[in-house]
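The values are calculated or read from the model by the stated rules, or taken from the named source; none is laboratory data. Treat the numbers as computed from the prediction; the structure is a model and nothing was measured. With ideal geometry, Cβ positions are generated from the backbone for all residues, glycine too; neighbour counts draw on all protein chains shown. We work out accessible area using only protein heavy atoms, side chains counted, and drop any ligands, DNA or RNA first. Shrake-Rupley method; radii C 1.70, N 1.55, O 1.52, S 1.80 Å.
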Amino acid sequence: MVCLIILPGASLLAHNFKWTSLLRKMEISVGEAEKRTGKNTVNMQEIYTVYLIETRPVDAVTEGIIPAPDSLWRRYSEFELLRNYLLVTYPFVVVAPLPEKRAEIVWHKLSADNMDPDFVERRRVGLENFLLRLASHPVLCNDKIFYIFLTEADSRLKAMNAAFRVKNPDKRFTELKHYSDELQTVVSQLLRVRARVADRLYGVYKVHGNYGRVFSEWSAIEKEMGDGLQSAGHHMDAYAASVDDILEEEEHYADQLKEYLFYTEALRAVCRKHELTQFELEMAAQDLASKKQQKEELVTGTVRTFSLKGMTSKLFGQETAEQREAKLQVLEQQIEEGEEAVKEKNTESDEFVKTAWLDIEHFKDQKDRDLKEALISYAIMQISRCKKVTRPHRYLKCIEYSACKKGIFCVLLSIPNIS
């Protein structure tokens with residue numbers, strides 16, 4: 001059993017998996033990150049971050065020679081293309097996740113800025129860990145596109161990824177994918193706002209604990225109003241302690257929102273599965289069309305498109321009737337099998353769409369009920385808390401110290417009665 005510990009640079013992970021084929025051949029690292037400026041697909045200026053992938057042959061290192069590593073720059077979006085390609089090509093493999101693209105839910109001392117140096121460094125480490133996990137996988141480490149991603153700075157990966165885009169996507173699933181992205185954005189924003197409010201609320205309540213300590217110490221030196229000060233101190237202590245119960249109750253509603261944040265990934269997984277099913281159907285139909293065209297060309301003796309077959313026929317002469325007949329029989333058998341495959345893929349696609357959409361409609365109904373109930377309950381909780389704090393007759397006048405013979409000024413403290 002191998003224990004995985006993610007460290008900066010992920011060096012321990014690489015060490016533990018040296019027995020796998022790709023890591024036996026090369027060392028892989030994401031050495032640094034660099035901010036760049038360029039134009040995006042709509043010709044608008046943008047700022048983005050690129051990451052330096054470095055590879056070095058292991059054999060040279062073991063022989064005492066440390067050559068300069070081969071290196072190339074990749075954007076985060078290219079890592080996404082690689083992972084999407086692997087998900088489609090190896091649907092039976094649990095592909096390692098990428099680090100978050102945006103700082104979603106962060107502790108109050110961490111920056112949510114995507115260009116923040118600390119966030120970029122954490123993502124660099126996460127991307128290196130992602131590559132090492134792929135290189136350590138017994139199946140994925142042998143993928144040619146993955147090797148090209150590490151060693152060649154060309155557009156082949158983008159072209160490969162584009163090949164998996166379906167030509168006739170189902171509009172409903174396209175809209176569902178967009179909806180899941182928007183739902184994730186909205187819920188993430190709600191959770192981030194709630195986290196900031198909780199941080200500030202916690203600080204405000206806990207500061208009142210200092211009042212309690214001061215009043216308790218003050219009561220020890222005051223004879224006439226000592227009891228009032230002591231009572232005020234106790235109320236302040238109770239007020240400060242009440243924030244824990246308040247935030248614990250709020251956390252219950254936050255957990256309900258988080259559940260639907262995670263549901264968005266499940267929705268996208270359904271969309272990806274539909275795209276894969278549709279892609280397989282289109283590939284089967286395309287293959288069938290190609291076989292039918294080959295049959296037509298063989299029967300008529302005309303070649304519609306340029307091919308190696310047409311060139312060899314011109315150079316070495318036409319095939320004999322027996323050869324054409326044999327090939328025709330093979331094509332007819334392939335066409336028959338292709339028609340059956342297209343029929344099966346059609347049935348599989350229709351069944352998937354029917355079943356998936358029924359469950360999606362069930363999910364939508366469930367989501368509407370759950371979120372409506374959670375948000376209403378949260379609003380009621382907030383209203384109840386505000387009434388409890390601000391209702392005038394719930395305030396307790398702890399001390400009213402009028403000007404006395406000693407000339408001490410009037411002290412008037414009104415503390416919420418939270419008992």
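Some observations on this one:
- Total residues in the stretch 240-273 satisfying the condition of being touching a Gly at 6+ places or on another chain (Cβ under 8 Å) and either more than 16 Å from ARG385 (Cβ to Cβ) or buried (at least 16 other Cβ atoms within 10 Å of the Cβ) (or both): the figure is 1.
- Taken over the stretch 266-284, residues that are over 14 Å from PHE352 (Cα atoms) and free of Cβ contacts under 8 Å to residues at least 60 places away in the same chain amount to 2.
- Criterion violated by LEU82 - all others in (1) assigned to a loop (DSSP other than H, G, I, E, B); (2) modelled with pLDDT of 90 or more; (3) among the hydrophobic types (A, V, I, L, M, F, W, C) satisfied: (1)
- One residue alone among GLU259, GLU282, GLU265 is modelled with pLDDT of 85 or more and under 23 Å from the mean Cα position of the chain (by Cα), and that residue is GLU259.
- Every residue from the stretch 22-68 that is modelled with pLDDT of 70 or more, closer than 28 Å to PHE119 by Cβ and of a type in the set (A, V, I, L, M): LEU23, ILE28, VAL30, ALA33, ILE47, VAL50, LEU52, ILE53
- Meets criteria (in a helix (DSSP H, G or I) and open to solvent by 70 Å² or more (accessible area, probe 1.4 Å)) for ASP199: no
- Any hit, the stretch 320-343, residues being at pLDDT 50 or above and not in a helix (DSSP H, G or I): yes
- Output for the stretch 116-134, where each listed residue is touching a Ser or Thr at 6+ places or on another chain (Cβ under 7 Å) and either farther than 21 Å from ARG192 by Cβ or at pLDDT below 80 (or both): GLU128
- Residue list for the stretch 327-343, restricted to those being touching a helix residue (DSSP H, G or I) at 6+ places or on another chain (Cβ under 8 Å) and either under 30 Å from LEU190 (Cα atoms) or exposed (fewer than 14 other Cβ atoms within 10 Å of the Cβ) (or both): GLU332
- Some residue of the stretch 211-224 being assigned to a helix (DSSP H, G or I), in contact with a strand residue (DSSP E or B) (Cβ under 9 Å, 6 or more places away or on another chain), of a type in the set (Phe, Trp, Tyr) and within 25 Å of ARG385 (Cβ to Cβ): yes
- The stretch 274-304: number of residues that are of a type outside the set (A, V, I, L, M, F, W, C), open to solvent by 50 Å² or more (accessible area, probe 1.4 Å) and touching a helix residue (DSSP H, G or I) at 6+ places or on another chain (Cβ under 7 Å): 6
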